[in-house]
Amino acid sequence: MTSEDREYGAASRRPVEDEVNVVAEDTQKTADGGKDKKKGSFWKELPVLIAVALVLAFVIKSFVIQAFYIPSESMENTLLTNDRVLVNKLVYHTRPIERGDIVVFSGVDSWDGEVPFEEPSNPVSAFFRWIGTAFGVVPGEKDYIKRVIGVAGDTVKCCDVQGRVTVNGVPLDEESYLYPGDVPSDRTFEAKIPQDRLWVMGDHRSVSLDSRAHLDDPGKGTIPVDKVIGRAFVIVWPFSRAKILPIPETFQQPALKAAAALGEAAPLLLGLAGAVPLVLWRRRWISRR
(Lines give C-alpha, C1' and ligand atoms only; values in the text may rest on other atoms or scores of the structure.)
Protein backbone atom coordinates (compact mmCIF):
# COMPACT_ATOMS: atom_id res chain seq x y z
CA MET A 1 0.00 0.00 0.00
CA THR A 2 1.40 3.40 -1.00
CA SER A 3 1.60 6.41 1.24
CA GLU A 4 -1.15 7.96 -0.82
CA ASP A 5 -3.43 5.02 -0.13
CA ARG A 6 -2.72 5.22 3.60
CA GLU A 7 -3.56 8.92 3.64
CA TYR A 8 -6.74 8.24 1.72
CA GLY A 9 -7.74 5.50 4.18
CA ALA A 10 -7.08 7.73 7.19
CA ALA A 11 -9.06 10.54 5.63
CA SER A 12 -11.97 8.21 4.95
CA ARG A 13 -12.05 7.17 8.60
CA ARG A 14 -12.10 10.64 10.18
CA PRO A 15 -15.73 11.49 9.35
CA VAL A 16 -16.87 8.27 11.05
CA GLU A 17 -15.05 9.19 14.27
CA ASP A 18 -16.36 12.73 14.05
CA GLU A 19 -19.87 11.42 13.47
CA VAL A 20 -19.64 9.16 16.52
CA ASN A 21 -18.48 12.06 18.67
CA VAL A 22 -21.29 14.26 17.41
CA VAL A 23 -23.89 11.57 18.11
CA ALA A 24 -22.49 10.99 21.59
CA GLU A 25 -22.52 14.72 22.30
CA ASP A 26 -26.10 15.07 21.05
CA THR A 27 -27.17 12.08 23.13
CA GLN A 28 -25.55 13.57 26.22
CA LYS A 29 -27.30 16.90 25.64
CA THR A 30 -30.63 15.12 25.14
CA ALA A 31 -30.14 13.11 28.34
CA ASP A 32 -29.19 16.22 30.30
CA GLY A 33 -32.17 18.04 28.91
CA GLY A 34 -34.43 15.13 29.84
CA LYS A 35 -33.13 15.22 33.42
CA ASP A 36 -33.76 18.93 33.64
CA LYS A 37 -37.28 18.48 32.31
CA LYS A 38 -37.94 15.66 34.79
CA LYS A 39 -36.66 17.77 37.66
CA GLY A 40 -38.81 20.69 36.59
CA SER A 41 -41.83 18.45 36.12
CA PHE A 42 -41.41 16.93 39.60
CA TRP A 43 -41.36 20.29 41.37
CA LYS A 44 -44.39 21.42 39.38
CA GLU A 45 -46.32 18.27 40.30
CA LEU A 46 -45.29 18.24 43.98
CA PRO A 47 -47.99 20.72 45.15
CA VAL A 48 -50.63 18.68 43.31
CA LEU A 49 -49.42 15.46 44.96
CA ILE A 50 -49.53 17.12 48.39
CA ALA A 51 -53.04 18.46 47.76
CA VAL A 52 -54.29 15.03 46.62
CA ALA A 53 -52.69 13.37 49.66
CA LEU A 54 -54.40 15.84 51.98
CA VAL A 55 -57.78 15.30 50.33
CA LEU A 56 -57.41 11.52 50.60
CA ALA A 57 -56.33 11.85 54.24
CA PHE A 58 -59.40 14.00 54.94
CA VAL A 59 -61.75 11.48 53.27
CA ILE A 60 -60.19 8.49 55.05
CA LYS A 61 -60.14 10.34 58.41
CA SER A 62 -63.76 11.42 58.04
CA PHE A 63 -65.33 8.17 56.89
CA VAL A 64 -63.08 5.11 57.18
CA ILE A 65 -60.14 4.93 59.60
CA GLN A 66 -58.49 7.50 61.82
CA ALA A 67 -55.32 7.31 63.85
CA PHE A 68 -55.79 8.39 67.46
CA TYR A 69 -53.18 9.56 69.94
CA ILE A 70 -53.47 8.34 73.54
CA PRO A 71 -53.04 11.47 75.69
CA SER A 72 -53.57 10.15 79.23
CA GLU A 73 -53.11 7.21 81.60
CA SER A 74 -56.82 6.36 81.85
CA MET A 75 -56.58 3.17 79.74
CA GLU A 76 -53.35 1.72 81.15
CA ASN A 77 -52.07 -0.92 80.81
CA THR A 78 -54.15 -1.75 77.75
CA LEU A 79 -53.11 1.56 76.19
CA LEU A 80 -50.16 3.66 77.31
CA THR A 81 -49.67 7.41 77.01
CA ASN A 82 -48.31 8.29 73.52
CA ASP A 83 -49.57 5.05 71.97
CA ARG A 84 -51.27 5.38 68.59
CA VAL A 85 -54.31 3.31 67.72
CA LEU A 86 -56.41 2.96 64.58
CA VAL A 87 -60.12 3.66 64.94
CA ASN A 88 -62.60 1.93 62.63
CA LYS A 89 -65.39 4.36 61.73
CA LEU A 90 -67.38 1.92 59.60
CA VAL A 91 -67.84 -0.98 62.00
CA TYR A 92 -70.90 0.45 63.76
CA HIS A 93 -72.68 0.80 60.45
CA THR A 94 -72.65 -3.00 60.24
CA ARG A 95 -73.11 -4.02 63.90
CA PRO A 96 -74.19 -2.37 67.16
CA ILE A 97 -71.73 -1.20 69.80
CA GLU A 98 -70.91 -4.12 72.11
CA ARG A 99 -69.86 -4.37 75.73
CA GLY A 100 -66.08 -4.60 75.93
CA ASP A 101 -65.45 -2.48 72.83
CA ILE A 102 -62.83 0.25 73.23
CA VAL A 103 -64.43 3.32 71.68
CA VAL A 104 -63.32 6.84 70.85
CA PHE A 105 -66.03 9.44 71.32
CA SER A 106 -66.44 13.19 71.35
CA GLY A 107 -67.09 14.95 74.64
CA VAL A 108 -68.02 18.29 73.05
CA ASP A 109 -70.95 19.87 74.93
CA SER A 110 -70.81 16.97 77.37
CA TRP A 111 -67.66 16.06 79.32
CA ASP A 112 -64.78 18.33 80.25
CA GLY A 113 -61.43 17.30 78.81
CA GLU A 114 -59.06 15.09 80.81
CA VAL A 115 -56.09 16.75 79.09
CA PRO A 116 -55.70 20.58 78.89
CA PHE A 117 -56.21 21.89 75.37
CA GLU A 118 -55.32 25.32 74.00
CA GLU A 119 -57.07 26.64 70.91
CA PRO A 120 -54.52 27.36 68.11
CA SER A 121 -53.72 31.08 67.98
CA ASN A 122 -53.73 31.43 64.19
CA PRO A 123 -55.00 29.63 61.06
CA VAL A 124 -51.59 28.16 60.24
CA SER A 125 -51.32 26.55 63.68
CA ALA A 126 -54.89 25.33 63.40
CA PHE A 127 -54.10 23.74 60.02
CA PHE A 128 -51.06 21.89 61.31
CA ARG A 129 -53.00 20.79 64.39
CA TRP A 130 -55.66 19.35 62.09
CA ILE A 131 -52.95 17.45 60.19
CA GLY A 132 -51.51 16.19 63.48
CA THR A 133 -54.93 15.05 64.67
CA ALA A 134 -55.69 13.31 61.35
CA PHE A 135 -52.50 11.26 61.57
CA GLY A 136 -52.71 10.60 65.32
CA VAL A 137 -49.72 12.77 66.23
CA VAL A 138 -51.63 15.01 68.65
CA PRO A 139 -54.84 14.41 70.63
CA GLY A 140 -58.21 15.80 69.59
CA GLU A 141 -59.78 18.72 71.42
CA LYS A 142 -62.34 16.71 73.41
CA ASP A 143 -61.88 13.15 72.22
CA TYR A 144 -61.96 10.36 74.78
CA ILE A 145 -61.12 6.69 74.65
CA LYS A 146 -62.81 4.29 77.09
CA ARG A 147 -64.15 0.76 77.33
CA VAL A 148 -67.89 0.14 76.95
CA ILE A 149 -69.24 -1.58 80.06
CA GLY A 150 -73.00 -1.15 79.59
CA VAL A 151 -75.30 -0.56 76.62
CA ALA A 152 -78.90 0.62 76.41
CA GLY A 153 -81.18 -1.30 78.79
CA ASP A 154 -78.35 -2.55 81.02
CA THR A 155 -78.09 -1.96 84.73
CA VAL A 156 -74.46 -1.41 85.70
CA LYS A 157 -73.66 -1.61 89.39
CA CYS A 158 -70.73 -1.67 91.78
CA CYS A 159 -70.00 -3.45 93.77
CA ASP A 160 -71.09 -6.99 94.66
CA VAL A 161 -69.91 -8.78 97.81
CA GLN A 162 -66.60 -9.57 96.07
CA GLY A 163 -66.08 -5.98 94.95
CA ARG A 164 -66.87 -6.64 91.27
CA VAL A 165 -68.76 -4.55 88.74
CA THR A 166 -71.97 -6.28 87.64
CA VAL A 167 -74.01 -5.87 84.47
CA ASN A 168 -77.62 -6.98 84.83
CA GLY A 169 -76.57 -8.86 87.96
CA VAL A 170 -73.76 -10.75 86.18
CA PRO A 171 -70.29 -10.06 87.68
CA LEU A 172 -67.42 -9.12 85.37
CA ASP A 173 -64.00 -10.74 85.75
CA GLU A 174 -61.83 -7.76 84.74
CA GLU A 175 -58.43 -9.05 85.77
CA SER A 176 -57.23 -9.44 82.15
CA TYR A 177 -57.45 -5.72 81.37
CA LEU A 178 -57.73 -3.85 84.68
CA TYR A 179 -54.64 -1.89 85.73
CA PRO A 180 -52.54 -3.98 88.17
CA GLY A 181 -53.44 -3.13 91.76
CA ASP A 182 -56.65 -1.28 90.85
CA VAL A 183 -60.02 -2.32 92.21
CA PRO A 184 -62.98 -2.39 89.78
CA SER A 185 -64.23 0.86 91.36
CA ASP A 186 -63.32 2.97 94.36
CA ARG A 187 -66.87 4.30 94.57
CA THR A 188 -70.28 2.66 94.59
CA PHE A 189 -72.81 3.36 91.88
CA GLU A 190 -75.84 1.96 90.12
CA ALA A 191 -76.96 3.15 86.70
CA LYS A 192 -79.77 2.13 84.37
CA ILE A 193 -78.56 2.88 80.84
CA PRO A 194 -81.15 4.81 78.77
CA GLN A 195 -81.90 4.20 75.11
CA ASP A 196 -79.13 5.26 72.69
CA ARG A 197 -76.58 5.79 75.46
CA LEU A 198 -73.56 3.93 76.87
CA TRP A 199 -71.77 3.48 80.20
CA VAL A 200 -67.98 3.66 79.71
CA MET A 201 -65.01 3.21 82.03
CA GLY A 202 -61.24 3.40 81.74
CA ASP A 203 -59.07 0.35 82.44
CA HIS A 204 -56.98 2.38 84.91
CA ARG A 205 -59.92 2.95 87.25
CA SER A 206 -58.08 4.93 89.93
CA VAL A 207 -57.20 7.79 87.53
CA SER A 208 -59.93 7.56 84.89
CA LEU A 209 -62.52 10.35 84.75
CA ASP A 210 -65.15 8.09 83.20
CA SER A 211 -68.91 7.65 83.59
CA ARG A 212 -68.53 7.45 87.38
CA ALA A 213 -67.16 11.00 87.47
CA HIS A 214 -70.14 12.41 85.55
CA LEU A 215 -73.05 11.02 87.54
CA ASP A 216 -74.29 14.56 88.23
CA ASP A 217 -74.34 15.49 84.53
CA PRO A 218 -77.64 15.51 82.60
CA GLY A 219 -76.82 12.08 81.13
CA LYS A 220 -76.12 10.63 84.61
CA GLY A 221 -72.66 9.58 83.47
CA THR A 222 -73.73 7.98 80.20
CA ILE A 223 -72.62 9.15 76.75
CA PRO A 224 -74.74 9.43 73.57
CA VAL A 225 -74.22 6.70 70.99
CA ASP A 226 -74.17 9.32 68.23
CA LYS A 227 -71.03 10.87 69.79
CA VAL A 228 -69.04 7.67 69.22
CA ILE A 229 -66.42 8.20 66.51
CA GLY A 230 -65.47 4.54 66.14
CA ARG A 231 -63.88 1.44 67.64
CA ALA A 232 -60.17 1.27 68.45
CA PHE A 233 -59.11 -2.10 67.08
CA VAL A 234 -55.30 -2.11 66.88
CA ILE A 235 -52.22 -0.43 68.38
CA VAL A 236 -49.92 0.68 65.54
CA TRP A 237 -47.25 2.66 67.40
CA PRO A 238 -44.80 1.99 68.88
CA PHE A 239 -44.10 -1.10 66.81
CA SER A 240 -42.94 -2.99 69.90
CA ARG A 241 -46.51 -2.75 71.27
CA ALA A 242 -48.40 -3.38 68.04
CA LYS A 243 -51.35 -5.69 68.69
CA ILE A 244 -55.06 -6.26 68.09
CA LEU A 245 -57.54 -5.00 70.72
CA PRO A 246 -60.13 -7.78 71.10
CA ILE A 247 -63.23 -7.85 73.29
CA PRO A 248 -62.30 -9.54 76.62
CA GLU A 249 -63.80 -12.96 77.30
CA THR A 250 -65.73 -11.78 80.36
CA PHE A 251 -68.13 -9.92 78.05
CA GLN A 252 -68.84 -13.18 76.18
CA GLN A 253 -70.47 -14.85 79.20
CA PRO A 254 -73.68 -16.69 78.21
CA ALA A 255 -75.31 -15.46 81.43
CA LEU A 256 -74.59 -11.84 80.44
CA LYS A 257 -76.13 -12.34 77.02
CA ALA A 258 -79.10 -14.17 78.52
CA ALA A 259 -79.67 -11.35 80.99
CA ALA A 260 -79.56 -8.84 78.15
CA ALA A 261 -82.02 -10.87 76.09
CA LEU A 262 -84.34 -11.09 79.09
CA GLY A 263 -84.09 -7.34 79.53
CA GLU A 264 -85.03 -6.75 75.90
CA ALA A 265 -87.94 -9.19 76.22
CA ALA A 266 -89.15 -7.75 79.54
CA PRO A 267 -91.66 -5.28 78.02
CA LEU A 268 -93.22 -8.07 75.95
CA LEU A 269 -93.40 -10.43 78.96
CA LEU A 270 -94.99 -7.72 81.10
CA GLY A 271 -97.47 -7.03 78.34
CA LEU A 272 -98.42 -10.70 78.15
CA ALA A 273 -98.68 -10.90 81.94
CA GLY A 274 -101.07 -7.98 81.91
CA ALA A 275 -103.07 -9.28 78.95
CA VAL A 276 -103.80 -12.76 80.33
CA PRO A 277 -106.01 -11.60 83.25
CA LEU A 278 -107.87 -9.26 80.92
CA VAL A 279 -108.60 -12.09 78.47
CA LEU A 280 -109.79 -14.41 81.26
CA TRP A 281 -112.02 -11.69 82.72
CA ARG A 282 -113.49 -11.01 79.28
CA ARG A 283 -114.27 -14.71 78.73
CA ARG A 284 -116.00 -14.94 82.09
CA TRP A 285 -118.02 -11.81 81.40
CA ILE A 286 -119.15 -13.17 78.01
CA SER A 287 -120.08 -16.57 79.50
CA ARG A 288 -122.22 -14.91 82.17
CA ARG A 289 -124.15 -12.99 79.56
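The values are calculated or read from the model by the stated rules, or taken from the named source; none is laboratory data. Because the structure is a prediction, the values reported are computed rather than measured. Note that we place each Cβ from the backbone using ideal geometry, even for glycine, and neighbour counts take in every protein chain shown. These accessible areas exclude ligands, DNA and RNA; they are computed on the full protein's heavy atoms, side chains included. Shrake-Rupley method; radii C 1.70, N 1.55, O 1.52, S 1.80 Å.
Annotations for the structure displayed:
- Cross-link pairs Lys142/Lys243; Lys146/Lys257; Lys89/Lys220; Lys220/Lys257; Lys44/Lys243 - those with Cα-Cα distance over 32 Å: Lys44/Lys243
- Rounded to whole numbers, the Karplus 3J(HN,Hα) couplings from phi for the stretch 217-224 are 6, x, x, 6, x, 7, 10, x Hz, using 6.51 cos²θ - 1.76 cosθ + 1.60 with θ = phi - 60°, and x at Gly and Pro.
- For Cys159, nonlocal amide neighbours, meaning residues 5 or more places apart or on other chains whose placed amide H falls under 5 Å from its own, are Phe189.
- Centroid-to-centroid separation of the stretch 239-256 and the stretch 158-184 [C-alpha atoms, Å]: 15
- Residue-normalised accessible area of the stretch 138-188, given per residue in Å² at a 1.4 Å probe: 45
- In sequence order, calculated HN-Hα J values of the stretch 156-167 (Karplus, 6.51, -1.76, 1.60; Hz; x Gly/Pro): 9, 9, 8, 9, 7, 5, 9, x, 9, 6, 10, 10
- Nearest-0.05 FRET efficiency for Val64 and Val183, computed from C-beta distance (R0 45 Å): 0.70
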